[in-house]
Amino acid sequence: MRLNSLSLSNYRKYVYEEINFPDGLIGIIGPNGAGKSTLMESIAWVLYGHPAARTQKEQIKRHDSSRLDVCQAVLSFEINGTSYQITRQMKGKDFTSNVSIFACKTKMADGSKACLEFITGLLGMDREAFFTSFF
């Protein structure tokens, strides 16, 4: 899996952040509280959903955002020459979740259960295995 980009909106401490990952080994450095772990957890959240965020659903959305603001993460990545994009959103006062996955601009899965099954099959690992290998 090669990460291409990550876009966050109203995710925890990030109002908006766009990261383009270069080729090669990537290091994320910064002082305590800068958001390094939050970036890593956002990748797990967009892939595996709320349980991967390691916090309550209400704490994922940026605390000072309005009820109408959408919490969103968009991850673009590549596996074996195929480009994928997964978008996960949380919105409304009940934190309704929506997720979809595209491969080469073709929708591959839509909805939490279908996307979780697709990602688990594509990566060949569940959330726990991902955390063990990724973090």
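The residue list Ser65, Ser83, Ser37 contains one member that is out of contact with any helix residue (DSSP H, G or I) (no Cβ under 7 Å at 6 or more places or on another chain), open to solvent by 20 Å² or more (accessible area, probe 1.4 Å) and in a helix (DSSP H, G or I), which is Ser37. Take region 1-27 and flag every residue that is part of a loop (DSSP other than H, G, I, E, B) and farther than 26 Å from Glu58 by Cα. Met1, Phe21, Pro22, Asp23, Gly24, Leu25, Ile26, Gly27, listed by residue number. Of everything in region 105-115 that is part of a helix (DSSP H, G or I) and not polar (S, T, N, Q), the residue that is most open to solvent (accessible area, probe 1.4 Å) is Lys113. Given the condition open to solvent by 60 Å² or more (accessible area, probe 1.4 Å), at positive phi and of a type in the set (A, V, I, L, M, F, W, C), answer yes or no: does some residue in region 90-104 qualify? The answer is yes; a qualifying residue exists. Each residue in region 20-38 was checked for being modelled with pLDDT of 90 or more and within 19 Å of Val70 (Cα to Cα), and 0 of them qualify.
This table checks each residue for (1) modelled with pLDDT of 95 or more; (2) more than 19 Å from Leu6 (Cα to Cα); (3) hydrophobic (A, V, I, L, M, F, W, C).
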site: Ala44; (1), (2), (3): no, no, yes
site: Ser66; (1), (2), (3): no, yes, no
site: Ser83; (1), (2), (3): yes, no, no
site: Asp94; (1), (2), (3): no, yes, no
site: Lys105; (1), (2), (3): no, no, no
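Taken as a whole, region 87-104 holds no residue that is touching a residue at least 24 places away in the same chain (Cβ under 8 Å), under 19 Å from Arg54 (Cβ atoms) and in a helix (DSSP H, G or I).
Pairs meeting the criteria (first residue in region 116-127 and assigned to a helix (DSSP H, G or I), second residue open to solvent by 50 Å² or more (accessible area, probe 1.4 Å) and not hydrophobic (A, V, I, L, M, F, W, C), beta carbons under 9 Å, at least 6 apart or on different chains) are Leu116/Asp126; Leu116/Arg127; Thr120/Asp126; Thr120/Arg127; Arg127/Pro51.
The values are calculated or read from the model by the stated rules, or taken from the named source; none is laboratory data. Because the structure is a prediction, the values reported are computed rather than measured. With ideal geometry, Cβ positions are generated from the backbone for all residues, glycine too; neighbour counts draw on all protein chains shown. For the accessible areas, the whole protein counts, side chains as well, though only heavy atoms, and no ligand, DNA or RNA atoms are used. Shrake-Rupley method; radii C 1.70, N 1.55, O 1.52, S 1.80 Å.
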